[in-house]
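Here's the structure, in structure tokens; my notes come after.
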Amino acid sequence: MADQLAEVKDFWEGNPLFSGESDYELGSHEFFQDHSKAYYDDVFAGSFDANKFIPMNLKNANVLDLGCGVGFWTIEIQKHRQCKSFYCGDLTQKALDTTQKRLDLNEMAANLSIQNAEQLTYESNFFDHINCQGVIHHTPNTDNAIKEIARVLKKDGTASISVYYRNFLLRNWTSFSIIGKLLSKLGGGLKGRGRENIFSEKNPDEITRLYDGDKNPIGKSYTKNEIIEMVSPYFHVNKTFPFFFSARSMPFSIPRFLHRWLSNYLGFMIHLNLIKK
């Protein structure tokens, strides 16, 4: 496990989120604009509803953005909600440095520190809310990460967690792989990090892993029942929903209404709004 975690850390130190996709320098104002546009237009299909992802009342809350990456959620949460104090944790120094640049550009502040999601350094029952988007499916022991998130949350504290979703397409990829090959031949795929031929893969587990790069050591997807079973010992599940159908990976443009439908019913991520037991 320790060797696997070291591999994960090395990969993300060398391949920060969205690097290779943007033509702009990592950490520049233009890079962040490019990244935010990709999120608003693609991840949220042109319609970002903050209330679906962020609890309403965080005014007196200690909030953690766990696995802050390049700081998108760090900014969005503070933009939409007032918080008592805000913390960012990530496995890599590159992520923290990049998030700090994003904070500076937005004239915001946070307490940043290196954190392993499976072994957090925060004291128990400290946070009122934890945001963890697209993180725990990259760590060797996802169960340990869920347990740690619960440990550092106060009783009745909330968590917003997203993981890769083993949706209808991935569960039936043997039947759909011929369409994937056609999309690949037409130019479908993702820019940078060796992901250009992602649709030609026959193994759905490889598609999940390859989404973040061909050298990515760990990328796991879960069915709705699987992830609910994992969190249920620690959390009440308030709401779940799929999102994110990657229109930018298609070889042709998709009408906005169709993109939203695909995100709502065939999204490749599943979000969970949770309350600690």
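None of the figures in this text is laboratory data; all of them are computed from the coordinates on show. What you are looking at is a predicted structure, and each value in this text was computed from that prediction instead of being measured. Positions of Cβ are backbone-derived with ideal geometry, glycine not excepted, and every protein chain shown enters the neighbour counts.
Condition test on GLY180, is it of a type in the set (Gly, Ala, Ser), crowded, with 18+ Cβ neighbours inside 10 Å and over 15 Å from LEU66 (Cα atoms)?
Numbers: of a type in the set (Gly, Ala, Ser): yes; crowded, with 18+ Cβ neighbours inside 10 Å: yes; over 15 Å from LEU66 (Cα atoms): yes.
Spelling it out, GLY180 is indeed of a type in the set (Gly, Ala, Ser), crowded, with 18+ Cβ neighbours inside 10 Å and over 15 Å from LEU66 (Cα atoms).
List the pairs whose first member sits in region 103-122 and is closer than 26 Å to PHE31 by Cα and touching a residue at least 12 places away in the same chain (Cβ under 8 Å), whose second member is of a type in the set (Val, Ile, Thr) and surrounded by fewer than 19 Cβ atoms within 10 Å (Cβ to Cβ), and whose Cβ atoms are under 9 Å apart, counting only residues at least 6 apart or on separate chains?
If the second residue must be of a type in the set (Val, Ile, Thr) and surrounded by fewer than 19 Cβ atoms within 10 Å (Cβ to Cβ), the pairs left are SER113/THR121; ILE114/THR121; GLN115/THR121.
Here are GLU107, GLU118: which of them is of a type in the set (D, E, K, R), touching a helix residue (DSSP H, G or I) at 6+ places or on another chain (Cβ under 9 Å) and either surrounded by fewer than 18 Cβ atoms within 10 Å (Cβ to Cβ) or more than 22 Å from TYR211 (Cα to Cα) (or both)?
Values: GLU107 fails: touching a helix residue (DSSP H, G or I) at 6+ places or on another chain (Cβ under 9 Å).
None of the others qualify; the one that does is GLU118.
Among the residues in region 59-77, are any surrounded by 17 or more Cβ atoms within 10 Å (Cβ to Cβ) and among the hydroxyl-bearing types (Ser, Thr, Tyr)? Walk me through how you get there before you give the answer.
Taking region 59-77 as the starting set, the residues that turn out to be surrounded by 17 or more Cβ atoms within 10 Å (Cβ to Cβ) are 61-77.
From what's left, among the hydroxyl-bearing types (Ser, Thr, Tyr): 74.
Looking through region 59-77, at least one residue is surrounded by 17 or more Cβ atoms within 10 Å (Cβ to Cβ) and among the hydroxyl-bearing types (Ser, Thr, Tyr).
Go through region 7-48 and report how many residues are among the hydroxyl-bearing types (Ser, Thr, Tyr) and part of a helix (DSSP H, G or I).
Filtering region 7-48 for residues among the hydroxyl-bearing types (Ser, Thr, Tyr) gives 19, 22, 24, 28, 36, 39-40, 47.
Those left that are additionally part of a helix (DSSP H, G or I): 36, 39-40.
So the answer is 3.
For (1) of a type outside the set (Phe, Trp, Tyr); (2) under 25 Å from ALA6 (Cα atoms), each residue gets a yes or a no:
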position: PHE86; (1), (2): no, no
position: GLN93; (1), (2): yes, yes
position: ASP104; (1), (2): yes, no
position: GLN115; (1), (2): yes, yes
position: GLU118; (1), (2): yes, yes
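Which members of region 238-257 meet the condition of being surrounded by fewer than 13 Cβ atoms within 10 Å (Cβ to Cβ) and either of a type in the set (D, E, K, R) or free of Cβ contacts under 8 Å to residues at least 12 places away in the same chain (or both)?
Within region 238-257, LYS239, SER253, PRO255, PHE257 meet the criteria.
Of all residues being polar (S, T, N, Q) and free of Cβ contacts under 8 Å to residues at least 40 places away in the same chain in region 203-237, which is farthest from SER175 (Cα to Cα)? Just the residue, please.
Start the filter on region 203-237 by keeping residues that are polar (S, T, N, Q), which leaves 203, 208, 216, 221, 223, 225, 232.
Applying the additional criterion that residues be free of Cβ contacts under 8 Å to residues at least 40 places away in the same chain yields 203, 225, 232.
Numbers: ASN203: 12, ASN225: 22, SER232: 32 Å.
Result: SER232.
Which residue is nearest to the chain's Cα centre (by Cα), if the candidates are limited to region 195-218 and must be more than 19 Å from LYS9 (Cβ to Cβ) and in a loop (DSSP other than H, G, I, E, B)?
For region 195-218, the residue satisfying everything is ARG195.
Give the residue that is nearest to GLY14 (Cα to Cα), with candidates limited to residues of region 29-58 that are of a type in the set (Gly, Ala, Ser) and in contact (Cβ under 8 Å) with a residue 60 or more places away in the chain. Before you say what the answer is, go through the steps one by one.
The initial filter retains those residues of region 29-58 that are of a type in the set (Gly, Ala, Ser), namely 36, 38, 45-47, 50.
Filter once more, keeping what is in contact (Cβ under 8 Å) with a residue 60 or more places away in the chain: 38, 45-47.
Details: ALA38: 21, ALA45: 29, GLY46: 30, SER47: 31 Å.
Ranking the candidates gives ALA38 first.
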